[in-house]
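Take a look at the structure below.
No lab work stands behind these numbers, since they all come straight from the coordinates. Computed from a predicted model, the values in this text were never measured in an experiment. We place every Cβ from the backbone using ideal geometry, glycine too, and count neighbours over all the protein chains shown.
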Amino acid sequence: MPYMNVTEVESALIALAGAHPSICELITLPNPTIEGRTTHAVRLGTQAANTVDAYYLTGGVHAREWGSCEILVNLVTDLCDAYAGGTGVGYGGKYFSAAEVKALIQQINIIIFPCVNPDGRNYSQTTVPLWRKNRDTADSGGDPTKVGIDINRNQNFLWDFNTAFAPAAINVYLASSDPSQDTYHGHATQSEPETQNINYIHDTYTRIRWYVDVHSYSEDILYVWGDDESQYTDTNMNFQNAAYNGQRGVLGGSYKEYLPDGDLGALVGLANAFTKSLAEVRGKLYFAKPGFSLYATSGTNDDYAYSRHFADPSKSNALSFTVEWGTEFQPAWTEMQEIIKDVSAGLIGLGLEALGIDSFIVSNRDTFSSYEVETTLSYPNAFYVMYDGFAPGALGVPGASPTIQFLDGLMERQSARCPQRQPQSLWKIQVLQIPRSESRSPLKWTLPMEARSPQRRGKFTFRRVSLECRISR
Ligand SMILES: [Zn+2]
């Protein structure tokens, strides 16, 4: 499959929703583009909209960053196919179990809008390959060099950059009020149908807790904020406070954007889950860092998504990111196929981290006869058994290495024999991911039925222990 044209992106979504009606709902965005195109998103999940938290992904905002649409269509396809088939999903060295796919589909909604800006994509694919903006002619005065608005500078977040930012911070990366520039932010905030479509989903699906806007390129995942460095001590120093107009956007300056400490920790944890899962595919190392560390920005999708609940506390707190995949806008298709795997794994890893699942979990089993397990979120207390891998021969898994050990400290206060009798102090089980081939069929493995504890030097016969499912937070 080479890069899709804009018709193919939309028809892929329509076909997927048609093939998986119980888990994939087609969303038709209400605002046609300037050239009259209708775009679609899909909502994945068995739970009704707005009854569970949602994970929202957008792509194709910037026309020339072609592969974002492929990444997101691929992700929808893989999740639908895996859930329907009761299998996991594998990308290179990274494998997500059927239980993890099931958890994502059953516990949250995933809303995926792969091609926000089809007019721009079409123009990039047919006429000017490095086109970035949409194709709005309203502010061009008939001059073809002044066509288009940057959909990632058009949002209602410090959009009026000439007022909000320090003069020293103002440059073409931040945003521009010149229609001939690639970062032209439009004549008004949220003026564009593409921007309005992104926000239609924010407004319609009221429990969006995680948002990722997929871009290229730089091999990063950026978390908010993008306008300035962050701080968590002064709640009054924030984007809504006009007293700080003219001061924002300077590295090392006195202004820093307020970011609650707890959110910062969550953002970093989610971004690290992305880079960790991504790295397991083929060893690519993406960086997790604040958006501002690239350069100051105004009116971006990620800052806007996260800012919504500060501006209106009735709105959901959407922890927000921008992914910058790859090292060029339009990689050769053979490389793009690998990037699709990388980023798909990262996005699933982020979703599982959001759910509180960072490992796959063994549930209520008295043997380890099967790799496929159930998950649940209802275990506040738990215990770890670290599976540091087993002999490849024992598992039939290349690259796994042997040992089981119990985490230090837990052995002192837990009974190895009857953990069920102490439901508030059970061991937490953490089964580390074992490298897998890209097989889509569930891999059966049989573990040795005993293991040694380094503390006790005893043997535990797993047949006697009912291993309970635990999620680590
Ligand atoms: Zn971009």
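General observations
- Sorted on the mean count of surrounding Cβ atoms within 10 Å across their residues, most packed first, peptides 67-77, 163-173 read 67-77, 163-173.
- Karplus-derived HN-Hα couplings along region 289-295 (A = 6.51, B = -1.76, C = 1.60, θ = phi - 60°), whole Hz, x at Gly and Pro: 7, x, x, 4, 5, 7, 5
- Extension gain (nm, one decimal) between Y295 and S177, 0.36 nm per residue minus Cα-Cα: 40.7 nm
- Extended-chain gain in nm, criterion 0.36 nm per residue less alpha-carbon gap, V250 and S22: 77.2 nm
- Taking amide H positions as modeled 1.01 Å from N, with prolines and chain starts lacking one, the residues under 5 Å from F287 and 5 or more places away or on another chain are D220, I221.
- Rounded to the nearest 20, the size of the Cβ-charge dipole of region 192-260 about its Cα centre is 280 debye, with Lys and Arg at +1 and Asp and Glu at -1.
- Here region 6-355 carries DSSP beta bridges of which approximately 35% are antiparallel, counting only pairs with both residues inside.
- A full extension of the chain between T235 and E338 corresponds to an added length of 32.8 nm, given 0.36 nm per residue minus the alpha carbon distance.
- Each peptide in 204-213, 277-286 receives the mean, over its residues, of other Cβ atoms within 10 Å, and ordering these scores from highest gives 204-213, 277-286.
- Across region 80-87, computed HN-Hα scalar couplings (Karplus, 6.51 cos²θ - 1.76 cosθ + 1.60, θ = phi - 60°) run 5, 5, 5, 5, 5, x, x, 10 Hz from first to last residue, x flagging Gly and Pro.
- 3J(HN,Hα) along region 104-112, derived from phi through the Karplus expression 6.51 cos²θ - 1.76 cosθ + 1.60 where θ = phi - 60°, amounts to 4, 6, 8, 9, 9, 9, 10, 10, 10 Hz, with x in place of Gly and Pro.
- Amide H contacts of G326: S218, E219, each under 5 Å away and 5 or more positions distant or on a separate chain (H built 1.01 Å from N in the peptide plane; Pro and chain starts excluded).
- Relative contact order, percent, region 230-316 [alpha-carbon distance under 8 Å, six or more residues apart]: 22
- Amide H to amide H, with H built 1.01 Å from N, S230 comes under 5 Å of E257, counting only residues 5 or more places away or on other chains.
- Highest average packing first - 246-255, 116-125, 85-94, Cβ atoms within 10 Å: 116-125, 85-94, 246-255
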